[in-house]
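All remarks here apply to the structure that follows.
No value in this document is a laboratory result; all are computed from the given coordinates. As the structure is a prediction and not an experimental result, all values here were calculated from the model. No Cβ is skipped: glycine too gets one built from the backbone with ideal geometry, and neighbour counts run over all protein chains shown.
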Amino acid sequence: MSFAALRASVRRAAAPAPAALRRSAFRSSVRRYSTEPPPPSPPPPKSSNATLYGALGAAALGGVVFWIYTSSSDSAKSAGSAVRSGVQGAKAAANFTPTKEDYIKIYNKIAEVMDEAADKNYDDGSYGPIFFRLGWHSSGTYDKVSGTGGSNFATMRFAPESEHGANKGLNVARDLMEEIHKQFPWISYGDLWTLGAVTAIQEMGGPHVPWRPGRIDGFAAQATPDGRLPDGAKGADHLRVIFGRMGFDDREIVALSGGHAVGRCHHDRSGWDGPWTFSPVTISNSFYKLLLEETWVWKKWDGPKQLEDKGTRTLMMLPTDYALVTDKVFKKWTKAYADDEELFFKDFAGVCAKLFENGVPQHQWATSEPWIMPRTDEQEANKSK
Ligand code: HEM
């Protein structure tokens, strides 16, 4: 068994969800990439880091953001094309322009690191959920009116945004990403974090989420004020205000909330405690099913208000999650996704792609169309063809 296949089986054994996995195996057997696999690219030239950082430093010093987008070049628009965006322009000065293949190498590295959680007895055996949350929190600060926030400048690297209450615990993911960045110093942090979220979603059995590079590293001055991310103690109105500011409607709010199929609340981070589903490292529509099918009661404890399932008392829901069944319009979509996992996956892929791209100026994108990054098991299967 190959290393990737072994990792995949370990990941799945950690929290089996047979229906979702059968579905995912079925999908992978019938799906085709929407972009052709890239042509083999030569290994990045061993340009000295001094040259690279010299070029980057020069760019940062002048506060200059390079944009060398070869928009007239067809090759720049195809998968596997040379990618130049933002600070990457400076990297081009160091003689290296990454291709889709280079980003796939980072994808694979992220997938590998995700699974190291199992050896470290971290949570449910995967860093996938916290990688996903990092990508979402770096993107969820977007304000469509002012055009500020979003994944573009990766401002969560800076205090006070890194210390905002909603971001508690995300240092775990940022530190792991920092190690990956050391190996691939040419990628922007916004690209790395959103690619981390996409990798997590796909490797945890979720749908392909279209993604492309182009975000640039910004400065502390571009950090967003506290209060832009949702507060789990609130209700439907709050969700509409917070997600409406990002440009999402009711259906999209419910689809995005399906992110709580994975991961858990940590008492020492948010104050809340416990997982939402029985399979917290597998993306499926179980979050919606559980919301509708279980009886939810308020937990009696010395902590913030949360619900627990009456049956096992091992699962939890935040007040905001519960709003998805108490609000009439939200409930309609909760039911639709509980009944039809294909519909959920389709909508989920779309809203996640939108979330991760929000606020990034069009001209920054390295390709006119987002890419579909192949999952590690798909890469393995392709090799043996
Ligand atoms: C709807 C409003 C939302 C609220 C109030 C909310 C709140 C929270 C809270 C309190 C936690 C627990 C943090 C901790 O204690 O470690 C959490 C975790 C998480 N959230 Fe959300 N969230 C929301 C929406 C979303 C969305 C839209 C996504 C993704 C699309 C998402 C993905 C996640 C993931 C994957 C985790 C698990 C992290 C881990 O296991 O470490 N959340 N969320």
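Going down the table (K144/K346; K168/K289; K120/K299; K100/K182), which pairs top 26 Å between alpha carbons?
Details: K144/K346 24 Å; K168/K289 28 Å; K120/K299 30 Å; K100/K182 19 Å.
Exceeds cut-off: K168/K289; K120/K299.
Using per-residue counts of other Cβ atoms within 10 Å, averaged over each peptide, order 205-214, 102-111 from highest down.
Numbers: 205-214: 24.6, 102-111: 20.6.
The densest-packed peptide leads the list: 205-214, 102-111.
Debye sum, Cα scatterers, region 236-346, no solvent: what log₁₀ I/I(0) at q = 0.16, 0.21, 0.23 1/Å?
These q points yield log10 I(q)/I(0) values of -0.70, -1.20, -1.38.
Kindly write out, for region 283-292 in residue order, the coupling ³J(HN,Hα) from the Karplus curve 6.51 cos²θ - 1.76 cosθ + 1.60 (θ = phi - 60°), rounded to whole Hz, with x marking Gly and Pro.
Once θ is set to phi - 60°, the couplings for region 283-292 become 7, 7, 8, 5, 4, 6, 4, 5, 4, 7 Hz.
Please work out the Kirkwood hydrodynamic radius for region 124-243, using every pair of different C-alpha atoms, and report it in angstroms with one decimal place. It would help to have the intermediate numbers written out before the result.
Details: mean 1/r = 0.0674 Å⁻¹.
It is 14.8 Å.
Among W301, W136, W193, rank each residue by its count of other Cβ atoms within 10 Å, from fewest to most, as a rough exposure measure.
So the ranking, lowest neighbour count to highest, is W301, W136, W193.
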